[in-house]
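Presented below is the structure to which this report refers.
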Amino acid sequence: MKERLQALQAEALTKVEEAATLSDLQDIRVAYLGKKGPITEVLRGMGKLSKEERPVIGELANKVRETIANELDAKKEKLEAAGLEKRLEKETLDVTLPGRPVQVGGPHLLTSIVEEIEDLFIGMGFEIKEGPEVETDYYNFEALNLPKGHPARDMQDSFYITEELLMRTHTSPVQARTMGEYKGNKPVKMICPGKVYRRDTDDATHSHQFTQVEGLYVDKNVRMSDLKGVLNRFAKQLFGEDREIRLRPSFFPFTEPSVEMDISCKVCNGEGCSVCKGTGWIEILGGGMVHPRVLEMAGYDPKVYNGFAFGMGPERIAMLKYGVDDIRHFYTNDVRFLQQYHKA
Amino acid sequence: MFVSLNWLKNYVDIDNVSAEELAEKITKTGIEVEGIEYVAEQSSNVVVGYVKECEKHPNADKLNLCQVDVGEEELQIICGAPNIAHGQKVAVAKPGAVLPGNFKIKKAKLRGVESNGMICSLQELGIEEKYVPKEYADGIFVFPEDTEVGADALSLLNLDDAILELGLTPNRSDALSMLGVAYEVAAILDVPIRLPKEDVEQSREQASDHVSVKVDDPDLNPYYGAFVIKDIKVGPSPLWMRNYLIAAGIRPINNVVDITNYVLLEYGQPLHAFDYDKFGSKEIVVQRAKQGETMQTLDDQERKLSSDHLVITNGNEPTALAGVMGGANSEVSNDTKTVLLEAAYFNPAAVRTASKDFGLRSESSNRFEKGVDPNRVKRAGLRACQLLSEYANGTVLHGVVEFDELDKKEAEVAITTSKMNERLGTDISNDQIGDILRKLNFKYEQDGEQFSIQVPTRRQDISIFEDMVEEVARIYGYDHLPYTLPQGASQAGGLTELQQLKREVKHYFEGAGLMETITYSLTSKDRATLLVSPEVKESAVTSVELAMPMSEEHSTLRLSILPEMLASLSYNVARKQTNLAYYEVGTVFVSQEETVTKQPDEKLRVSGALTGEWLTHPWQQEKKEVDFFLVKGIVEGLFNKLNIVADYKHLKLEGMHPGRTAQILIGDVPVGFIGQVHPTLQNNFDLKDTYVFDLDLDYLFSIYENEPSFTKIPRYPSITRDIALVVDENLNAGDVETTIFKAGGPLVKEVQVFDVYQGEHLESGKKSLAFRLLYLDPERTLKDEEVEESYQAILTAVKDEHEAELRG
Ligand SMILES: [Zn+2]
């Protein structure tokens, strides 16, 4: 009987080995382990055995069952895995086909630049101030030391609405308004970005509407070297640590002394090229020490307070940083232009 | 201002610096050099030649065959210029010469005859046509008779010059003169300055016997000096003077005119020469013009004058527009024998008015407008007399006939070294300041660290301490200022809540797939009133217009961002970019006045416009056109973000689709609209279906609450019930929703439309709306009965109010 059981086991394991499908396995399971199977039959015939033999054969029979069942399970798992593999094989995609596009929006390049500038100055303790685009002649000019008839008003021919109202020509009136708001008795540290307007015919380098970011710092004991230090830090953060700055004397009615700031040309590293017209320097912004009359008109005593101010054009900065060659691109909103700078 | 370096050399020694170095130094010290022009940099080998013989070319009518002595040799040259003649001294480009434009001169044969070089016109030598004296405009240039044969013609014509172009800021009008530039360069290079000759031999005859001067309004004309110069011979001015004028951008005319222009450039003081015999009287009267009076100016234009204009008259009629332009009747001509020379100081504002009114911007008016140096007016007159005597055979009559109430005092400015250093952040010594003042040619008295400075009147821009701070700093060098950071108490910078919110709104729309635009605030009158949201229209009495627009296109302030945005879409569609989704945050300008006198309200709004396809996935044949509900979804997303609940109701708005436009309300407050642009308007912009939205951000921000209160996460399960209703096809789902909420009671937390159907199996004129209701009580588990009760109440209510039947 023992031999019979061992032969059954060997026979069953061979069949399991040979089985190719799950239904083959099921057949084997029924054939060998079922109620009518040979092992059950062997067990049934155990009554003929001696008392001593019975437990030995019983144990063997159970062991054979168990071995066959284990092998069946193992084989089943194997076949199932292979089946899954096969199915997945069939599900293969052409991974080179294009994906489903996602609608991507993004900020206008000028917004990106303005926000970058804002954030740099916020990091230096400045706040952001905004003001009206339609200004009074007083705030746009007079409060900034540009009385009526001043020759420098020529520099910024303006869009007037009435004799006293005009489209602001710079964001400096926001400075005058903020100083007024602070009533001459606390420091001012602000940046004012915004749209400004001048009587220019639109062409590659002129736009009747453009953007400005101006800054103002008023406090006790402000030095011109502070202006130089702050602008230097700003320029290096915006244009790269390897850029140098230089200040040149200039003229603005609302500052004295006045400066213009250049940065060393990135294209030629200061050697001189067509971008910097051979000078090695590129003009970035204007500024200076706030004119005592401007402080006075805003209610700050110039004997106690002084300060510095500066202003720059994000369009110009964008043109330098990204090589935009025509200022009109900023306002025609060509989608191919707008899309280019979303990674910027 | 164009500065010829050859001319400048007459006043300051600049031989030790190159043009580039000098330009760099001037720029860094305060006057921007915008360019350096080397007049004829590449030219070479052009000499003075003497035309010994000049005959017709045997084979060509218009050509001449010349034998030209060029010093070392004689050249046979064929010349086509009409003014070539025997005995002339001319500019000869010898074989091997190079002319501007890298034009190389070679030996050649012209119609069978050999030509060994070229006789040149000024244009061929690189001088711009408009500066070439008229007599040489159509031919070759002829040197004065006494010119040495074989001499370097390029240097005689000043073509070896370098010209600096100065970009002058309005404060530096002192540099509108060669002397002013010379003072600047003297300070920068620390070299002495040489002043021109002003002394002239005067005849015994008194000028005052020939002319008198009367000034009506000393404020407008505080100084008027008249000189009389007899025996004038009008002719060409000396070659060097013509050269300098050309270099400065002025065309030479004749010696008298050239001398006044030369002195204008040298001193920065405009002068005017009248023909004394044509002046019409012996008295000069300076006065305001009579209202409506006319005069003919030098350019032969009839000018209509008003009392705003200052004129020089002969007592009867105007002979010059003061500081702007002379009159035609007293113009100097070739026959002029006696010159009446004016050197005056005219009020800057008066000259500006006249030059603006007549559109006459001249070298003269420009200088008067900025204010000339009071101490140089008379000296310029004397300088011109000296030159007229030397180069126009003039006899200068004794004395200047003048009216003089001009303030010629020098400004006094006091500075102290310590205050200077405090302002600059520097450590400049007393001696350094003294040295800087000496370089600037400023007189001063020093007492320790106290300086009392006499500012020369040529520097009208310096009157207060801060002006001197700049003056000292720029000569000291801005490069030498240290880098420091402000020492004041530091404050935390940052965005205000509204600024932060604005950025978040922009980020929301960008995340939703829209691209930001920036369009013009100034639009056309028609566009300004297009697609204006009802609540804006209600408060805007008028659209704000510019007084003097440059074009109709940009004449009016916008009341909506949308029209210019549609124009942007249109621009793109014309360039085959048809799938567009734009938004913009910006202000519109609302005036509540019939006639604008006050600043308009500037309202912050966000607008968007979408057209074309939204989702496309070509190889899977997926395509979705932009539609109302896409745009509405985007707007709803914003409201969700801001924690705001909005209602939508049908809106009729001009320019919008009558059935596909909704007004947006928050409570009872209208905050904007959403919908499809009217097909007619779409057509006008060449657009296909386009959907837009426009929202009042000021209002949304005003009701936004930053800190949303915490809502407990419910611990008890919710129950959902679906309900499908057959209703009239014109009924709004929103109305049914309102009824459901009202009838369903407080347990109904959400109502969501999940199906809208119209068609087969439904009566025509009907549609089916399916809602999913969500019941919840956060405090306990719901009972089936109470949900059922609410459900039945809803059924009754929708039947009563909307004749809605449960769909079978
Ligand atoms: Zn460069």
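The values are calculated or read from the model by the stated rules, or taken from the named source; none is laboratory data. Fair warning: this is a prediction, and the values are worked out from it, not measured in the lab. No Cβ is skipped: glycine too gets one built from the backbone with ideal geometry, and neighbour counts run over all protein chains shown. Keep in mind that these areas ignore ligands, DNA and RNA; they rest on the heavy atoms of the full protein, side chains included. Shrake-Rupley method; radii C 1.70, N 1.55, O 1.52, S 1.80 Å.
The table for this structure:
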quantity: For residue B:486: the one exception among (1) closer than 30 Å to residue B:673 by Cβ; (2) within 10 Å of chain A (Cβ to nearest Cβ); calculated: (1)
quantity: Region B:493-529: number of residues that are in contact with a Pro (Cβ under 7 Å, 6 or more places away or on another chain) and either part of a helix (DSSP H, G or I) or polar (S, T, N, Q) (or both); calculated: 4
quantity: Elements of type helices (runs of 4 or more DSSP H) contained in region A:8-127, each with 3 or more residues being crowded, with 18+ Cβ neighbours inside 10 Å, aliphatic (A, V, I, L, M) and within 14 Å of chain B (Cβ to nearest Cβ); calculated: A:109-122
quantity: Members of region A:175-197 that are open to solvent by less than 50 Å² (accessible area, probe 1.4 Å) and more than 30 Å from the chain's Cα centre (by Cα); calculated: A:175, A:176, A:178, A:179, A:180, A:182, A:184, A:188, A:197
quantity: Among (1) over 33 Å from the mean Cα position of the chain (by Cα); (2) within 23 Å of residue B:23 (Cβ to Cβ); (3) within 10 Å of chain B (Cβ to nearest Cβ), the one test that residue A:271 misses; calculated: (3)
quantity: Selection from region A:253-291 of residues that are away from the ligand (no atom under 14 Å from the Cβ) and either surrounded by fewer than 20 Cβ atoms within 10 Å (Cβ to Cβ) or free of Cβ contacts under 8 Å to residues at least 60 places away in the same chain (or both); calculated: A:255, A:256, A:257, A:258, A:259, A:260, A:261, A:285, A:286
quantity: 1 or more residues open to solvent by 50 Å² or more (accessible area, probe 1.4 Å) and within 30 Å of residue A:250 (Cβ to Cβ): qualifying strands (runs of 3 or more DSSP E) within region B:69-169; calculated: B:162-167
quantity: Conditions (1) surrounded by fewer than 20 Cβ atoms within 10 Å (Cβ to Cβ); (2) away from chain B (no Cβ under 12 Å): number failed by residue A:214; calculated: (1)
quantity: Residue in region A:294-308 that is under 29 Å from residue A:208 (Cα atoms) and within 16 Å of the ligand (Cβ to nearest atom) present; calculated: no
quantity: Of residues in region B:545-564 being surrounded by fewer than 24 Cβ atoms within 10 Å (Cβ to Cβ) and of a type in the set (A, V, I, L, M), the one nearest to the chain's Cα centre (by Cα); calculated: B:550
quantity: Segments classed as strands (runs of 3 or more DSSP E), wholly inside region B:389-487, with at least 2 members that are more than 30 Å from residue B:334 (Cα to Cα) and open to solvent by 50 Å² or more (accessible area, probe 1.4 Å); calculated: B:411-416, B:443-447, B:450-455
quantity: Region B:574-608, residues that are open to solvent by less than 40 Å² (accessible area, probe 1.4 Å) and farther than 30 Å from residue A:166 by Cβ; calculated: B:580, B:581, B:608
quantity: Residues satisfying the stated conditions in region B:705-728, i.e. within 20 Å of residue B:757 (Cβ to Cβ) and surrounded by 13 or more Cβ atoms within 10 Å (Cβ to Cβ); calculated: B:721, B:723, B:724, B:725, B:726, B:727
quantity: Any hit, region A:312-325, residues being open to solvent by 20 Å² or more (accessible area, probe 1.4 Å), within 25 Å of residue A:118 (Cβ to Cβ) and assigned to a strand (DSSP E or B); calculated: no
quantity: Output for region B:249-259, where each listed residue is assigned to a helix (DSSP H, G or I), open to solvent by 10 Å² or more (accessible area, probe 1.4 Å) and touching a helix residue (DSSP H, G or I) at 6+ places or on another chain (Cβ under 7 Å); calculated: none
quantity: Residues being small (Gly, Ala, Ser) and either over 25 Å from residue B:424 (Cβ atoms) or open to solvent by 30 Å² or more (accessible area, probe 1.4 Å) (or both) - total across region A:227-248; calculated: 1
quantity: Residue within region A:238-247 that is in contact (Cβ under 8 Å) with a residue 40 or more places away in the chain, within 16 Å of the ligand (Cβ to nearest atom) and assigned by TED's automatic domain parsing to the domain that holds residue A:308 present; calculated: yes
quantity: The one condition in (1) over 21 Å from residue B:726 (Cβ atoms); (2) without any contact (Cβ under 8 Å) to a residue 60 or more places away in the chain; (3) open to solvent by 80 Å² or more (accessible area, probe 1.4 Å) that residue B:774 fails to fulfil; calculated: (3)
quantity: Given (1) buried (at least 17 other Cβ atoms within 10 Å of the Cβ); (2) out of contact with any strand residue (DSSP E or B) (no Cβ under 7 Å at 6 or more places or on another chain); (3) in a loop (DSSP other than H, G, I, E, B), index of the condition residue A:131 fails; calculated: (2)
quantity: Any hit, region B:315-324, residues being away from chain A (no Cβ under 14 Å), without any contact (Cβ under 8 Å) to a residue 60 or more places away in the chain and among the hydroxyl-bearing types (Ser, Thr, Tyr); calculated: yes
quantity: Condition broken by residue A:308, with the remaining ones in (1) touching a residue at least 24 places away in the same chain (Cβ under 8 Å); (2) crowded, with 16+ Cβ neighbours inside 10 Å; (3) within 11 Å of chain B (Cβ to nearest Cβ); (4) within 30 Å of residue B:569 (Cβ to Cβ) satisfied; calculated: (4)
quantity: Region B:180-197 residues that are at negative phi, paired with ones that are assigned to a helix (DSSP H, G or I) and hydroxyl-bearing (Ser, Thr, Tyr) (beta carbon under 6 Å, 6 or more apart); calculated: B:188/B:29
